[in-house]
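**Student:** The structure under discussion is supplied below as structure tokens; questions concerning it will follow.
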Amino acid sequence: MKDIRLIILFLFSTISCFPQKTILIDTAIIKNSTFKPLRDCQKFHNYRPEDPLCAELIRSYYFDDNLNISGVLYSHVGRDADTSLSIMSYDKKNNLINRTNHSKYMKRDTLVEMSKVLYLYNSKGLLEKQIGLSQVEKTQLYDTMFVIEKTFNSNGLLEKENTRNVEPNYFMTTGYKKYLYDDSDRIKEIQFIANCCRLVDDKSVDNYNVYYTYSGDSSYKETQVFNFVNKGNNQYGEWAYSKDKTGRITKIVESNVYPVEVLFVNGKYFPDPNSKTARFENKTIIYTYDKLGRIEKCTYNCNSDDRRDGCKTKYEYVEFFKYKDNKLYKLPTGEYTDDE
């Protein structure tokens, strides 16, 4: 196994040699040889499925010759222009090693490098460390946003994950995850213990556990429970994943309840159904595929019941994908939902 410390030293020494000036990218980059004029895949969002003209482009994806994502151009709904760009690079084994993020700000017409994430692998090709770096505007140097270190068991399954050095106001919570598996090497539980980032003495308020139950060969249910300490102020989440015989996801049923007391009966956790102050939110996502087996459309059906004020809502929207040609483009799972 390579000495991870030497790799990190090399990466940081490389970063320290960057020119001491703002890195600007002209928006015309999408027209040159780095990114093809025709975008390989586009993601659209439509809050009015009955009117296709209301669809708005929210992302454009570019792929390299090995069908790895080489860039993502983000179009922010409600704004008049593309405002951010992520560029990815890979090693000879097609492992992602660098994601550099650029954004517009202060009404600039150029994209400015804001942050990057480095991905480090062990000798078995397993992702062992992620280092997030943000560029400081005044000095043009890099500060650490976060470090995620992972360890694996003898079967190559993720066993421990430690998130640390999280930059203040960043979306991550510093803490430690432990992954547990059943006899079939399917994940059965994730235990998260927070250890910083809150101005309170009791860090357990950020702790949570995730439990998995399976039905059939691939369909499963994921249950997430927060705050075991504060009984009446917990959050409960449940995601049921349905798949077809080939293992393709066909439906996700998501339920969230908060704030609520989480009950434990017959070895199972569930939210108090009699709570008069909780907000119940439910979402069903239906996945549709094209003839090549690529995800073509995600249909969202949502409803909520806020028992604090008696307000109930229900709505539907869709997200769909257009592909430039017949290549088997495949996006990371998180790109097919609106929650990433």
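The values are calculated or read from the model by the stated rules, or taken from the named source; none is laboratory data. What you are looking at is a predicted structure, and each value in this text was computed from that prediction instead of being measured. Cβ atoms come from the backbone with ideal geometry, glycine included; neighbour counts cover every protein chain shown. We work out accessible area using only protein heavy atoms, side chains counted, and drop any ligands, DNA or RNA first. Shrake-Rupley method; radii C 1.70, N 1.55, O 1.52, S 1.80 Å.
**Student:** What are the extents of the Cα atoms of the stretch 204-267 along their three principal axes, in Å, largest first?
**Tutor:** Over the stretch 204-267, Cα extents along the principal axes are 42, 21, 18 Å.
**Student:** Then there's this: What number, in nm² with one decimal, is the all-direction average of the projected area of the convex hull of the alpha-carbon atoms of the stretch 214-323?
**Tutor:** For the Cα atoms of the stretch 214-323, the hull's average projected area reads 8.6 nm².
**Student:** Hey, another quick one. Could you list, in their original order, any pairs among LYS177/LYS243; LYS268/LYS312; LYS93/LYS330; LYS93/LYS124; LYS221/LYS322 whose Cα atoms are separated by more than 19 Å?
**Tutor:** Result: LYS177/LYS243; LYS268/LYS312; LYS221/LYS322 exceed 19 Å.
**Student:** For ARG294, what accessible area in Å² do you get when you roll a 1.4 Å probe over the heavy atoms of the protein chains, rounding to the nearest 10?
**Tutor:** Surface open to solvent at ARG294 totals about 20 Å².
**Student:** So what's the net charge close to LYS297: Lys and Arg +1, Asp and Glu -1, counting the other residues with Cβ under 11 Å from its Cβ?
**Tutor:** Summing Lys/Arg as +1 and Asp/Glu as -1 gives 0.
**Student:** Provide the solvent-accessible area of CYS311, counting protein heavy atoms only and rolling a 1.4 Å probe, rounded to the nearest 10 Å².
**Tutor:** That residue has around 60 Å² of solvent-accessible surface.
**Student:** Would you mind computing the Rg to Rh ratio of the stretch 49-186 from its alpha-carbon coordinates, Kirkwood style for Rh?
**Tutor:** 1.04
**Student:** If ligands, DNA and RNA are left out, what is the accessible area of ASP182 with a 1.4 Å probe, given in Å² to the nearest 10?
**Tutor:** Here the accessible area works out near 40 Å².
**Student:** If each of LYS291 and ASN66 carries a label point 7 Å out from its Cα toward its Cβ, how far apart are those two points in nm?
**Tutor:** Taking the simple label geometry, LYS291 and ASN66 are separated by 3.1 nm.
**Student:** Explain nothing, just the number: relative contact order of the stretch 138-271, from Cα pairs under 8 Å at least 6 residues apart, as a whole percent.
**Tutor:** Here the relative contact order equals 12 percent.
**Student:** Taking N as the number of residues in the stretch 120-256, what is its alpha-carbon radius of gyration divided by 2.2 N^0.38 Å?
**Tutor:** With N residues counted in the stretch 120-256, Rg over 2.2 N^0.38 Å equals 1.25.
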